[in-house]
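Enquirer: Here it is, the structure, as structure tokens.
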Amino acid sequence: MERVDKENYYLDIAETVLERGTCLRLRYGAIIVKHDVIVSTGYNGAPRGRQNCTDIGECTRKKHDVPHGERYELCRSVHAEANAIIAAPREQMLGSTLYLVCHDADGGLMGDTSSCPMCRRLIINAGIARVIIRNTPEKFTVVNVRDWVENDDTM
């Protein structure tokens, strides 16, 4: 029996976390790991106490044909990365790795995803060192957060 590598092990866990997501367009799962310990998890959904899109049966951005990556202020959800960061103590995030997986509305893996510019800012300020994004069930992209600091003009 062949063991799954550490990156895919944590990506598998993030993929399970996204099953709690309540977005009707895309469901994200994120986990923050430091020294092989899961520090926190997050999925996208409405703020605590507010109705989720799955509860009300509609997505405002979808209703108005807003393209992906635009008009986040219309979205009811807090992003998975933000929820994971909110749930983690800062000292545990410094130098950590955030694992990110996304599924579309039909449950298919979205392999060409990344964190939005707002979440990138949060990740940078949290002190997270790397983001690992699932592309296929076995392949992933490793992002050095320092590259976002130095080279990302979308922020």
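Enquirer: If packing is taken as the average count of other Cβ atoms within 10 Å, what order do 100-107, 34-41 fall into, highest mean first?
Expert: On the way: 100-107: 17.5, 34-41: 14.9.
Highest-to-lowest ranking by the protection proxy: 100-107, 34-41.
Enquirer: Could you check the simple spin-label distance between Ile124 and His35, using points 7 Å along Cα→Cβ, in nm with one decimal?
Expert: Taking the two extended label points, one gets 2.8 nm.
Enquirer: Work out from phi, with θ = phi - 60° and the Karplus expression 6.51 cos²θ - 1.76 cosθ + 1.60, the ³J(HN,Hα) of each residue of region 89-98, listed in order in whole Hz, and give x for Gly and Pro.
Expert: These are the phi-based 3J(HN,Hα) values: x, 4, 4, 7, 8, 4, x, 7, 10, 9 Hz.
Enquirer: For Cα pairs less than 8 Å apart in space and 6+ apart in sequence, what is the mean separation divided by the residue count of the chain, i.e. the relative contact order in percent?
Expert: For the chain, the relative contact order is 23 percent.
Enquirer: Expressed as an acute angle from 0 to 90° and rounded to the nearest 10, what is the orientation of the C-alpha long axis of helix 6-17 relative to the principal long axis of the chain?
Expert: 20
Enquirer: Let me ask another. Using unit Cβ charges (K, R positive; D, E negative) and no other charged atoms, how large, in debye to the nearest 20, is the dipole of region 1-132 about its Cα centre?
Expert: 540
Enquirer: Oh, and also: Can you tell me, using C-alpha contacts under 8 Å and at least 6 residues apart, the relative contact order of region 1-62 as a whole percent?
Expert: 28
Enquirer: Something else now. Quick one: work out Rg over Rh on the C-alpha atoms of region 22-155, Rh as Kirkwood radius.
Expert: Taking Rg over the Kirkwood Rh, I get 0.96.
Enquirer: In deg cm²/dmol, rounded to 500, what helix-only [θ] at 222 nm does the chain give when every DSSP H run of at least 4 residues adds -39500 (n - 2.57) and the total is split over its residues?
Expert: The per-residue figure over the chain is -7500 deg cm²/dmol.
Enquirer: For region 27-58 and region 72-108, write down the distance between their C-alpha centroids in whole Å.
Expert: If you average the Cα positions of each part, the centres end up 6 Å apart.
Enquirer: Nearest 10 degrees is fine. How inclined is helix 117-126 to the longest principal axis of the chain, computing both from alpha carbons?
Expert: 40
Enquirer: Stretch Tyr9-Ala87 to full length: gain in nm at 0.36 nm per residue minus the Cα-Cα span?
Expert: Additional length available on full extension: 26.0 nm.
Enquirer: Now a separate question. Below 17 Å, Cα to Cα, which aspartates and glutamates can Lys62 reach? Residues fewer than 8 away in the same chain don't count.
Expert: Once the sequence-local aspartates and glutamates are set aside, what remains near Lys62 is Glu70, Glu73, Asp104, Asp106.
Enquirer: Across region 26-31, in residue order, what do the Karplus-derived ³J(HN,Hα) couplings come to in whole Hz, using 6.51 cos²θ - 1.76 cosθ + 1.60 with θ = phi - 60° and x for Gly and Pro?
Expert: In residue order, the calculated couplings are 9, 10, 10, x, 9, 9 Hz.
The numbers here are math on the coordinates, done by the rules we state, and not lab data. Since we're looking at a predicted model, the values are computed, not measured. Cβ sites come from the backbone with ideal geometry, for glycine too, and all protein chains shown count toward neighbours.
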